[in-house]
Each structure stands twice: as structure tokens, then as C-alpha cells.
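Please see the structure below; I have some questions.
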Amino acid sequence: MTADTRTQLPPPKLPPLRDVIAAHGLQASKALGQNFLLDEQLLDRIAAIPGSLRDQPAFEVGPGPGGLTRAVLRAGAKLVAVERDQRCLPALAELSDAFPGQLRVLSGDAMQVDARAEAGDGAHIIANLPYNVGTALLIGWLSAEWTPLPWWSTLTLMFQMEVAERIVAKPGGDHYGRLAVLSQWRSDARIAMKVHRSAFTPPPKVMSAVVHITPKPAPEGVQLKHLERLTAAAFGQRRKMLRQSLKGLPGALEALEAIGIDPQRRAETVSVGEFVEVARIMGKS
Ligand code: SAM
């Protein structure tokens, strides 16, 4: 027996999530983007995506009735979860009692919470995100300081399929744009699991997917602000040639020429690596 297995207790027996929802009157609110996951096997599979969470710090946005929260706690994480819907707090307090010392629940808006200060460096961020703030939260995490990695360890995030496709997109397709470049220039991003709409209560109109993002050391000499300006200009007019879309951005056309990118190309054909090179040269000028 290893030291690890010796100290592990069997997971506590919990009531079915449907009963939790009924007991606490948690009818789903559309305004809060509430589509709950109730299948515990599916939830355990999502919680396994980041790898072992045992004794790892973790951060969850929108625990709701606590389905994914349970799975992350069963996996052994030390979790901080922020929930905007106060109706969910009593159910989450029960979960906190069932996993002593593992769960701290914050009542509030994830957009206003300092996740790093609350969850600590090295936290795994894992969430079935509310669709209305999901992309903004992702961009916030991707924009963190990278020294040489960000404060968080991994992102395991459920999005609507269309957003997931935009995050992992490769050049050449309609999905490829700013979000792909910002997600991939210093991270690996992949779709780890597709989730059918029928897995949610209530089912949303579209399919969903869990995206797994692992950070890499940032390319040297490239600043996020240059990449942001470059991709905003390039994809702001994505059907136009770079010669046209980048002409208002100081240093951009010179940078294209310096690395031999044809200005007649369109943004959707430019690889993440090429955008990084252009941004690096723009930063030097
Ligand atoms: N984690 C639960 C699950 O997987 O079944 C619920 C996921 S549901 C898609 C999104 C959750 O985020 C809801 O519980 C909702 O109340 C919460 N939420 C919505 N906006 C929020 C915000 N700005 N800050 C924190 N939580 C929010």
C-alpha cells in the first residue's frame, strides 16, 4: 500500500443530484446560464481530464447544485468555487461538510473575483462555464502574466461547441480567428470531450465540448499587447488582404516584409507561429 492510498478515505455517500435540486428548489435560470450536469460518471470523466487532482489546488466557476464540484472533490482537490446564484449556497454548504477541509465556496460574480488570490498558484481551473461570461473569463486567464508560465496549471472548461471550435481552430477555416491565436500562442489547446446536449438539465440548444488547455513557456521577446493589436486588426477585416487590414497598425507591414509573409494573404491563412513572429518584430520597432 502506498502512502497515498493509506490516507485516502472512500468518497462520502451523497444524495442524487436530482434530489439536491428538488430539495433546494434549484429550477434552472436561463439568465444565469444554468444547464446542469447530473450524470456522475460523466462528471468523474471530466474531473479526470486535468490528470491527478489529489491535494492539488483547484478553482471552479459556477458550481450550481455541485455536480462537477463533487467529482473534483472525489478526485481529491482542494477546491475554491465561486457561485453567483445564492439559492445554490445551502446545497454547496452540505457538500463542504461532506468533504471536510476540501471546499471553500465564495458567493459572488466570477468576473469580480481574484481567482489567483483565492485559489493560489498552481490551481487547476475546471468549470462548466455559464455561456454569457465563459469567453471573457477564458481571455482573462489567457492574459495572465506568464513568468515563464501562468499562475494556473491547466484549464478544463466546458463551452458551447462553436466556442470550443474557435479556441482549438487551425488556420484555413472559418473558426480560426483571434481566440485561436490567443489560446494557442503559449498553450496547447484541445477538445478533450464532446458532450451531447441531452446530458444537460435543461438541454441547451447546441452541443458542448470540454476544452483542455495546458500552458507552455511563452515565446521570448513577444508581448501580448502586440499580438492583441495585430490579431484585432487582421481579423477585424478577415476577408481583406493583410496589406489592407494592417495598414493602420504602425510597423505591421514592415514586419510582414521582414519575415517574408505575402501581404496579399488573408488573416485566416496566417499561422499562430507567423502571428507571433510579426508581433515580435513589431515589438522591436
Ligand atoms: N457546475 C454546474 C454543473 O456543471 O452542473 C452548473 C453549471 S451551469 C452551466 C453555470 C453555473 O454558473 C450556474 O450555477 C450559474 O448560476 C453560475 N454562474 C452564472 N454566472 C456566474 C458568474 N458571473 N459568476 C459565478 N457563477 C456564475
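The values are calculated or read from the model by the stated rules, or taken from the named source; none is laboratory data. Predicted model, so just to flag it, every value in this text is computed and none were measured. Neighbour counts run over all protein chains shown; Cβ positions are idealised from the backbone, glycine included.
Since K194 meets every condition but one in (1) in contact with a strand residue (DSSP E or B) (Cβ under 6 Å, 6 or more places away or on another chain); (2) free of Cβ contacts under 8 Å to residues at least 12 places away in the same chain, which condition does it not meet?
Condition (2) is where K194 drops out.
Show the residue pairs that are 6+ apart or on different chains and have beta-carbon atoms under 8 Å apart, the first residue being within the stretch 37-64 and among the acidic types (D, E), the second being in a loop (DSSP other than H, G, I, E, B).
Short answer, once both residue conditions are applied: D44/A75; D55/G76; D55/A77.
Out of all the residues in the stretch 256-276, is one or more part of a loop (DSSP other than H, G, I, E, B), among the β-branched types (V, I, T) and touching a Pro at 6+ places or on another chain (Cβ under 8 Å)? Can you show your working first?
The initial filter retains those residues of the stretch 256-276 that are part of a loop (DSSP other than H, G, I, E, B), namely 259-265, 270-271.
Still in the running and among the β-branched types (V, I, T): 259, 261, 270.
Checking the rest, the ones that are also touching a Pro at 6+ places or on another chain (Cβ under 8 Å) come to 270.
So far as the stretch 256-276 goes, yes, one or more of its residues are part of a loop (DSSP other than H, G, I, E, B), among the β-branched types (V, I, T) and touching a Pro at 6+ places or on another chain (Cβ under 8 Å).
Right, next: For R229, indicate whether it is modelled with pLDDT under 95 and of a type outside the set (F, W, Y).
no
Would you mind finding the one in S143, S153, S183 that is out of contact with any helix residue (DSSP H, G or I) (no Cβ under 9 Å at 6 or more places or on another chain) and within 23 Å of I49 (Cβ to Cβ)? Quick ask: steps written out before the conclusion?
Working: S143 fails: out of contact with any helix residue (DSSP H, G or I) (no Cβ under 9 Å at 6 or more places or on another chain); S183 fails: out of contact with any helix residue (DSSP H, G or I) (no Cβ under 9 Å at 6 or more places or on another chain).
None of the other options fit; the residue is S153.
Looking only at the stretch 79-124, filter to residues that are surrounded by fewer than 22 Cβ atoms within 10 Å (Cβ to Cβ) and assigned to a strand (DSSP E or B); which one of those is farthest from the ligand (Cβ to nearest atom)?
Among them, the one singled out is R104.
Yes or no: the stretch 140-162 includes at least one residue that is surrounded by fewer than 22 Cβ atoms within 10 Å (Cβ to Cβ), within 25 Å of A31 (Cβ to Cβ) and of a type in the set (A, V, I, L, M, F, W, C).
Within the stretch 140-162, one or more residues are surrounded by fewer than 22 Cβ atoms within 10 Å (Cβ to Cβ), within 25 Å of A31 (Cβ to Cβ) and of a type in the set (A, V, I, L, M, F, W, C).
Also, quick follow-up: Give me the residue from the stretch 140-166 that is within 22 Å of L68 (Cα to Cα) and of a type in the set (V, I, T) and, out of that set, farthest from the chain's Cα centre (by Cα).
Within the stretch 140-166, the match that is farthest from the chain's Cα centre (by Cα) is V163.
When the stretch 65-78 is examined, which residues are found to be assigned to a loop (DSSP other than H, G, I, E, B), crowded, with 24+ Cβ neighbours inside 10 Å and away from the ligand (no atom under 12 Å from the Cβ)? Write out each step before concluding.
In the first step, residues of the stretch 65-78 are kept if they are assigned to a loop (DSSP other than H, G, I, E, B); the result is 65-66, 75-77.
This time we only want the ones that are crowded, with 24+ Cβ neighbours inside 10 Å, so: 65-66, 77.
Once the filter is applied, which keeps residues that are assigned to a loop (DSSP other than H, G, I, E, B), crowded, with 24+ Cβ neighbours inside 10 Å and away from the ligand (no atom under 12 Å from the Cβ), the stretch 65-78 yields only A77.
Let me ask you something else. Out of L129, L155, L138, report the one residue that is under 21 Å from S208 (Cβ atoms), in contact with a His (Cβ under 8 Å, 6 or more places away or on another chain) and either within 16 Å of the ligand (Cβ to nearest atom) or not assigned by TED's automatic domain parsing to the domain that holds G33 (or both). Quick ask: steps written out before the conclusion?
Details: L129 fails: in contact with a His (Cβ under 8 Å, 6 or more places away or on another chain); L138 fails: in contact with a His (Cβ under 8 Å, 6 or more places away or on another chain).
Answer to the check: L155.
Taking the stretch 7-64 as the region of interest, how many residues are more than 23 Å from M193 (Cα to Cα), assigned to a loop (DSSP other than H, G, I, E, B) and within 11 Å of the ligand (Cβ to nearest atom)? It would help to see each step written out before you state the result.
Narrowing the stretch 7-64 to residues more than 23 Å from M193 (Cα to Cα): 7-16, 18-32, 55.
Filter once more, keeping what is assigned to a loop (DSSP other than H, G, I, E, B): 8-16, 24-32, 55.
Then drop every residue that is not within 11 Å of the ligand (Cβ to nearest atom), which leaves 26, 28-32.
Residues flagged as more than 23 Å from M193 (Cα to Cα), assigned to a loop (DSSP other than H, G, I, E, B) and within 11 Å of the ligand (Cβ to nearest atom) within the stretch 7-64 amount to 6.
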